[in-house]
Amino acid sequence: MLPVVALVGRPNVGKSTLFNALTRTRDALVADMPGVTRDRHYGVSHLGERPFVVVDTGGLSGSDEGLEGMTAKQVRLAISEADLLVFVVDARDGLLPLDASILNELRRSGKPVIVVVNKTDGVDEVSVMADFAAFGIAETLPMSAAHNRGVDRLVANAMPHLPPDEDEDLIGRPSLEEQGIRVAIVGRPNAGKSTLINRLLGEDRLIVSDVAGTTRDPIRVPLERDGKRFTLIDTAGVRRRARVEEALEKFSVIKTLQSISAAQVTVILIDARENLADQDLTLIGHVIEEGRALVVAVNKWDGLDSYQRDQTMAALGRRLQFADWAKTVFISALHGSGMRELMRAVVRAHASATKEMTSSDLTRTLEKAYEGYQPPLVRGHAPKLRYAHPGGNNPPTIIIHGSRTKHIAPAYRRYLENFFRKRYKMEGTPIRIDFRDGE
Ligand code: GDP
Ligand code: GDP
């Protein structure tokens with residue numbers, strides 16, 4: 001499972017700036033937390049040897065509950081979720097009493113702490129760093145998040161603190177092969193995730209809710225259907241929500257991100273009776289960015305009249321244009337309709353995501369695409385595309401060699417994507433194209 005790194009600190013020290021530098025995404029997923037003045041943001045960083053979840057814990061505003069209360073709440077949450085705490089302080093403010101009390105909380109957790117002294121641009125770095133040495137934390141790093149300085153070093157320092165990835169060599173855990181197609185079932189609270197999983201499993205297997213696991217990790221549920229093996233990766237529903245921190249959070253973003261990361265195919269469940277929320281779109285955007293295959297399941301299709309169905313389908317068509325390659329299925333988890341179609345879409349998406357491609361065929365297809373339509377000239381010269389070879393699966397990755405490829409416009413990239421998608425009949429998976437210049 002993806003390890004979790006939390007950014008903690010007062011407001012305005014630069015946590016969100018650092019968050020953006022680490023995740024390089026436009027949209028963060030936001031936790032649905034009552035009683036917290038600033039939302040926590042979640043994203044995935046790929047800057048290190050292995051990906052990890054970044055949580056921006058927001059910060060205390062102090063206006064609602066008083067400084068102490070807010071600090072304690074934020075910090076406790078961060079501690080409970082994280083494998084590593086990154087404590088961000090402001091070089092320009094110097095060491096403040098509030099910093100010292102936050103650090104005390106962090107220390108008490110026994111979890112590893114890295115101090116990041118941000119905004120060292122334009123200040124006397126040596127004297128500032130000496131100032132913060134009073135914390136007595138061995139790893140105290142200078143940073144200018146706004147200028148992307150010190151970010152790589154932070155990531156390099158973070159790596160050794162992250163717990164080992166136990167996924168593949170746990171004794172007694174089925175091998176990836178035995179797990180079959182790994183499917184994450186994600187969606188907002190009440191979309192019907194647990195109902196769907198129970199429906200797929202059949203009533204006699206509801207017991208699954210007591211499968212052990214740490215509170216944070218998603219649960220894996222084996223499933224066999226039509227002679228095929230699957231492992232459903234459940235983010236929330238089936239397991240009882242035991243812990244206090246979990247009960248607070250209606251939408252466990254960390255589990256959602258971890259499930260998507262561990263899965264090959266993501267089924268995003270949408271409640272047909274609710275409008276498509278920004279959170280749904282952000283989630284879909286995240287699935288695509290992570291390169292996972294995607295099936296959109298519109299749940300609670302029962303009981304809608306034909307007018308409502310038409311409205312829903314039209315709205316989905318409009319807003320999901322950016323993922324129009326993904327299959328949309330209409331289901332009722334409660335009544336069990338659409339299950340066969342859903343699982344068929346999962347199998348097809350998986351097959352597309354893991355399709356074999358050969359260099360010769362990719363190159364031939366590239367030539368055809370190039371003949372049909374060439375990239376627009378750049379200062380009198382056309383970008384050249386010479387040959388292609390496969391670069392991996394899930395997502396299918398195509399590496400194209402040529403010249404001036406950095407001038408290739410997004411529209412042309414999409415044209416190529418669609419061309420390859422048609423050639424290989426890929427449904428339900430994003431496709432990645434990497435251009436490389438030179439021979
Ligand atoms: P947060 O409240 O801790 O999330 O802080 P933000 O990331 O919102 O940053 C607060 C302010 O500090 C913003 O105006 C940022 O542009 C600025 N800031 C963030 N990082 C740096 C930095 O490295 N150098 C300088 N000079 N300003 C920064
Ligand atoms: P989760 O939070 O995503 O796990 O959602 P649940 O599975 O707990 O479902 C939330 C509510 O929606 C429950 O009351 C379910 O009975 C109901 N529900 C789930 N699927 C359907 C469906 O297909 N049709 C209808 N009408 N209700 C459903």
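Tabulated data
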read-out	value
Yes/no for Leu106 being among the aliphatic types (A, V, I, L, M), more than 16 Å from ligand 2 (Cβ to nearest atom), at pLDDT below 90 and surrounded by 14 or more Cβ atoms within 10 Å (Cβ to Cβ)	yes
Count - residues of segment 409-436 that are part of a strand (DSSP E or B) and closer than 30 Å to Ala297 by Cβ	2
Residue in segment 418-438 that is of a type outside the set (Lys, Arg), more than 20 Å from Ile288 (Cα to Cα) and touching a strand residue (DSSP E or B) at 6+ places or on another chain (Cβ under 9 Å) present	yes
Condition met for Val30 (in contact with a Lys or Arg (Cβ under 8 Å, 6 or more places away or on another chain), away from ligand 2 (no atom under 16 Å from the Cβ), at pLDDT below 70 and among the β-branched types (Val, Ile, Thr))	no
Val329 being part of a strand (DSSP E or B) and within 21 Å of Val186 (Cβ to Cβ)	yes
Residue that is nearest to Val89 (Cα to Cα), among those in segment 117-163 that are buried (at least 18 other Cβ atoms within 10 Å of the Cβ), under 24 Å from the mean Cα position of the chain (by Cα) and within 14 Å of ligand 1 (Cβ to nearest atom)	Ala145
Some residue of segment 156-169 being over 27 Å from Thr256 (Cα atoms) and not aromatic (Phe, Trp, Tyr)	no
Considering residues of segment 377-393 that are surrounded by 13 or more Cβ atoms within 10 Å (Cβ to Cβ) and among the basic types (Lys, Arg) only, the residue farthest from Ile408 (Cα to Cα)	Arg386
Segment 352-408, residues that are in a loop (DSSP other than H, G, I, E, B) and in contact with a Ser or Thr (Cβ under 7 Å, 6 or more places away or on another chain)	Pro383, Asn393, Asn394, Pro395, Pro396
Condition broken by Ala323, with the remaining ones in (1) touching an Asp or Glu at 6+ places or on another chain (Cβ under 6 Å); (2) under 22 Å from Ala191 (Cβ atoms); (3) crowded, with 17+ Cβ neighbours inside 10 Å satisfied	(1)
Filtered residue count, segment 259-292, keeping only those that are part of a helix (DSSP H, G or I) and within 12 Å of the chain's Cα centre (by Cα)	12
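The values are calculated or read from the model by the stated rules, or taken from the named source; none is laboratory data. None of the values given here were measured: they were computed from a predicted structure. Using ideal geometry, Cβ is built from the backbone for each residue, glycine included, and neighbour counts are taken over all protein chains shown.
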